[in-house]
């Protein structure tokens, strides 16, 4: 995995799992907890993200093969999912594929048990994250590239943990405007990356377009 791919991977993963834009979600589902308990939820959420993300990255391509789906099919379909998420971020809307529908939100569990559902899955490790992990894992060809891949993923999860660990403190100092600006900027980056995914998939599936 060369430097360009590694940077693209970090950009896509950070944009989707964005700790800053997901901070209000974390605070809303843990608002009844003390700062100490919020930090416990932050640790559990990060751990679940590592486990889920690692599992999808490791066996995602093989699982797709069982359904006759190639990585290029995933580039197009997953790119469309990521594009919709990016466009929703640009328009200031939540993506129901990650944050859930209104009916699903009403059934979210008690604050003490939200680390896995809905925080880790599907908010943080949802369709967009899964697609990104599988597509970039496909570029890993040797142990060094595997280390780079793991390093990028771990760095994003580490940023997630740091942000959620300090959620109460950040909530008092991070303005709404800052979150909006971050969301819009990440939405633009994510949309551009999604277009690249779709284009790469279509070049292989429909070579005449290339």
Review point. Taking the range 167-210 as the search range and keeping residues that are out of contact with any helix residue (DSSP H, G or I) (no Cβ under 8 Å at 6 or more places or on another chain) and not in a helix (DSSP H, G or I), which one is nearest to residue 133 (Cα to Cα)?
Key: 206
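Is it fair to say residue 124 is modelled with pLDDT of 85 or more and more than 10 Å from the chain's Cα centre (by Cα)?
Details: modelled with pLDDT of 85 or more: yes; more than 10 Å from the chain's Cα centre (by Cα): no.
No, not satisfied.
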Check your understanding: Restricted to the range 157-166, and to residues that are part of a helix (DSSP H, G or I) and out of contact with any helix residue (DSSP H, G or I) (no Cβ under 7 Å at 6 or more places or on another chain), which residue is farthest from residue 34 (Cα to Cα)?
Key -> 158
**Study point:** Residues within the range 27-62 that are assigned to a loop (DSSP other than H, G, I, E, B) and touching a residue at least 24 places away in the same chain (Cβ under 8 Å), tallied
**Key:** 4
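Could you tell me which residue of the range 107-121 is surrounded by the most Cβ atoms within 10 Å (Cβ to Cβ), considering only residues that are touching a helix residue (DSSP H, G or I) at 6+ places or on another chain (Cβ under 8 Å) and at pLDDT 85 or above?
So in the range 107-121, the residues touching a helix residue (DSSP H, G or I) at 6+ places or on another chain (Cβ under 8 Å) come out as 108-109, 111-112, 114-116, 118-121.
Narrowing the set further to residues that are at pLDDT 85 or above leaves 114-116, 119-121.
Details: 114: 22, 115: 23, 116: 17, 119: 26, 120: 23, 121: 17.
Among those residues, the one meeting the criterion is 119.
Filter the range 1-26 for residues that are touching a helix residue (DSSP H, G or I) at 6+ places or on another chain (Cβ under 8 Å) and in a loop (DSSP other than H, G, I, E, B) and give the result.
1, 18, listed by residue number.
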Review point. Which condition breaks for residue 78 when tested against (1) at pLDDT below 65; (2) buried (at least 16 other Cβ atoms within 10 Å of the Cβ)?
Key: (1)
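The values are calculated or read from the model by the stated rules, or taken from the named source; none is laboratory data. What you are looking at is a predicted structure, and each value in this text was computed from that prediction instead of being measured. Cβ atoms come from the backbone with ideal geometry, glycine included; neighbour counts cover every protein chain shown.
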